[in-house]
Amino acid sequence: METCRTDLEIHEPAKGELSWSDLLAVYRNERSQVSAAELLDRLAPWLTNARKALLAAPPFADDDDIAQQLRLEVLAKAARWVPQCADQWIPRKLAEEAERRVRRVLQRERRRQPVELDDRMPAKPLEDRLVLETPVGRASAADIRLIYRYHVAGEPLEEMARRAGITPRQMRRRIQRAKARART
């Protein structure tokens, strides 16, 4: 009688139960629901252990999504893998590979998750977020901000002049000079 020792349990195949290599060969050849179900049932302890090691990344993936993704990764690997190792290492290799793949997906998703915006969060003025390292013509970053505020953001000339402490006519001249520097 063949025995398989794993990290989680000692498993002695019952009469008529296939070895891990044979079970993989059957799944690769048939790819039926029956062979997939048998493979997943026998791998259940390893997949449960792998699931416990992974942290959910809501709203992208909760615990059920992670468990499902582990099963899909195991089936994808089992469909193309011809093991070159001892039979007792097959379940561990399948579960570890699935866990690695799911972990990478979860890490990538955590890095990409956007920050939720809150209506109570004060926003900085748009011009403070502009980063202008490259000058346009001979215009300075202040010139570019001035042109941006007037032409792109649509800030009223009178308001800009009032904040700068000058007349609207002087502000108009500043904008014209800034545009002239940007053209050269």
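Please compute the alpha carbon radius of gyration of segment 29-118, then divide it by the globular-protein estimate 2.2 N^0.38 Å. Two decimals is fine.
My calculation over the Cα atoms of segment 29-118 gives 1.22.
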Just to be sure I understand the model, the point goes 7 Å from the Cα along the line to the Cβ. What's the resulting L40 to W89 distance in nm? 2.8
Return the distance in nm (one decimal) between the two label points of a simple spin-label model at R28 and E158, each offset 7 Å from Cα along Cα→Cβ. 8.1
Can you tell me the FRET efficiency between A53 and A141 if r is taken as the Cβ-Cβ distance and R0 is 41 Å, rounded to the nearest 0.05? 0.25
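Throughout, read-outs are computed from the coordinates displayed, never taken from laboratory work. A quick note: this is a predicted structure, and the numbers were derived from the prediction, not measured. Neighbour counts run over all protein chains shown; Cβ positions are idealised from the backbone, glycine included.
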